[in-house]
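Novice: Structure in C-alpha cells, see below.
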Amino acid sequence: MRMKLAFDSSSIILLAKADLLKQVCSLADVNMPAQVETEVMVGIEDGRKDALFVRELVKDGKIKIVEVGKKPAEEISLYNFMVSFRLGLGEAAAIVLALTRKMPMITDDNNARKIGKFVGLEVLSSLDFPSILYLKSIIGYEEARACLGVLGKEGWFSESVLLSAFETLEGTKGEKK
C-alpha cells in the first residue's frame with residue numbers, strides 16, 4: 001500500500017523547484033488541500049514554472065486535491081489552528097487534512113512543524129525527500145546532493161538545518177538497498 005502525504009504550499013513549491021515532485025508522486029499519494037492549491041496556483045499569474053508544473057501534475061491525477069473544512073468539525077479545527085497557533089490557511093488546512101485522514105504532513109514552515117508534532121502528526125520537510133528518494137533508488141546520490149542545494153537556495157532553511165540534511169544524505173550512502 002502506498003503512503004499518503006498531506007502537503008502545504010511551501011513544500012510542494014520547493015519540491016517542484018528542485019525537480020523532485022514527480023518522483024515524490026511516484027513514491028506516494030500526494031494530497032493537497034484545496035486551500036493550498038489556491039495558494040500555489042497564484043504563481044501561474046506570474047508565469048512561475050513550479051506552479052505550472054503542479055497544475056500539470058494535478059491535471060494528470062498525480063496530485064489529489066482534497067476539500068478540507070467543509071464539515072463542521074473540520075471548519076472549527078481549521079479556524080482554531082489559524083487563530084490559536086497563528087498559522088496561515090494553507091498550513092492549517094494541511095494539518096487538518098493530515099489529522100482527519102491520518103497521514104504524515106509535509107511542511108517547511110517552522111510553526112506548522114511544531115504544531116503538527118504537538119498534535120501527534122508525523123511531520124516531514126522537503127529536505128527529507130532527496131535522502132528518501134536516494135534510498136529508494138529513484139534518484140542518484142549526486143542528483144540528491146544537487147536537489148538539496150536547490151532546496152537550500154530556494155527555501156528559508158537555516159544553515160544548521162540544511163547542513164543536517166546533507167549529513168543525513170551522506171549517512172544514507174551505506175544504507176542504500
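The values are calculated or read from the model by the stated rules, or taken from the named source; none is laboratory data. Computed from a predicted model, the values in this text were never measured in an experiment. All Cβ positions, even for glycine, are placed from backbone atoms using ideal geometry, and neighbour counts span all protein chains on display.
Novice: Taking the conditions exactly as written (of a type outside the set (Asp, Glu), free of Cβ contacts under 8 Å to residues at least 40 places away in the same chain and either surrounded by fewer than 20 Cβ atoms within 10 Å (Cβ to Cβ) or under 20 Å from Gln35 (Cβ atoms) (or both)), does Arg101 satisfy them or not? Can you show your working first?
Specialist: On the way: of a type outside the set (Asp, Glu): yes; free of Cβ contacts under 8 Å to residues at least 40 places away in the same chain: no; either surrounded by fewer than 20 Cβ atoms within 10 Å (Cβ to Cβ) or under 20 Å from Gln35 (Cβ atoms) (or both): yes.
Taking the combined requirement at face value, the residue does not satisfy it.
Novice: Would you point out the residue of the stretch 141-177, among those that are out of contact with any helix residue (DSSP H, G or I) (no Cβ under 7 Å at 6 or more places or on another chain) and under 17 Å from Leu20 (Cα atoms), that is surrounded by the most Cβ atoms within 10 Å (Cβ to Cβ)?
Specialist: Result: Glu143.
Novice: In this structure, is Leu14 in contact (Cβ under 8 Å) with a residue 24 or more places away in the chain, under 13 Å from the mean Cα position of the chain (by Cα) and either farther than 20 Å from Ile138 by Cα or not assigned by TED's automatic domain parsing to the domain that holds Phe157 (or both)? Before the answer, list the steps.
Specialist: Details: in contact (Cβ under 8 Å) with a residue 24 or more places away in the chain: yes; under 13 Å from the mean Cα position of the chain (by Cα): yes; either farther than 20 Å from Ile138 by Cα or not assigned by TED's automatic domain parsing to the domain that holds Phe157 (or both): yes.
So Leu14 passes the test.
Novice: Of all residues in the stretch 110-136, which are surrounded by fewer than 19 Cβ atoms within 10 Å (Cβ to Cβ) and in contact with a Phe, Trp or Tyr (Cβ under 8 Å, 6 or more places away or on another chain)?
Specialist: Selection gives Asn111 alone.
Novice: Select from the stretch 136-177 the residues that are more than 17 Å from the chain's Cα centre (by Cα) and in contact (Cβ under 8 Å) with a residue 60 or more places away in the chain and list them in ascending order.
Specialist: Residues satisfying the conditions are Lys136, Ile138, Ile139.
Novice: Go through the stretch 25-90 and tell me which helices (runs of 4 or more DSSP H), entirely inside it, have 3 or more residues that are closer than 24 Å to Ile132 by Cβ and not hydrophobic (A, V, I, L, M, F, W, C). Lay out the reasoning, then the answer.
Specialist: Details: elements: 34-45, 49-59, 72-85.
Correct list: 49-59.
Novice: In addition: Inspect all residues belonging to the stretch 42-53 and state whether any of them is of a type outside the set (Gly, Ala, Ser) and in contact with a strand residue (DSSP E or B) (Cβ under 7 Å, 6 or more places away or on another chain).
Specialist: Taking the stretch 42-53 first, the residues of a type outside the set (Gly, Ala, Ser) are 42, 44-46, 48-50, 52-53.
Filter again for in contact with a strand residue (DSSP E or B) (Cβ under 7 Å, 6 or more places away or on another chain), leaving none.
Among the residues of the stretch 42-53, not one is of a type outside the set (Gly, Ala, Ser) and in contact with a strand residue (DSSP E or B) (Cβ under 7 Å, 6 or more places away or on another chain), which makes the answer no.
Novice: Among Ser84, Ser9, Ser77, which is the only one that is at pLDDT below 95, buried (at least 17 other Cβ atoms within 10 Å of the Cβ) and outside the structural domain of Leu151 (by TED's automatic domain parsing)?
Specialist: Working: Ser84 fails: buried (at least 17 other Cβ atoms within 10 Å of the Cβ); Ser9 fails: at pLDDT below 95.
Selected residue: Ser77, the only one of Ser84, Ser9, Ser77 that is at pLDDT below 95, buried (at least 17 other Cβ atoms within 10 Å of the Cβ) and outside the structural domain of Leu151 (by TED's automatic domain parsing).
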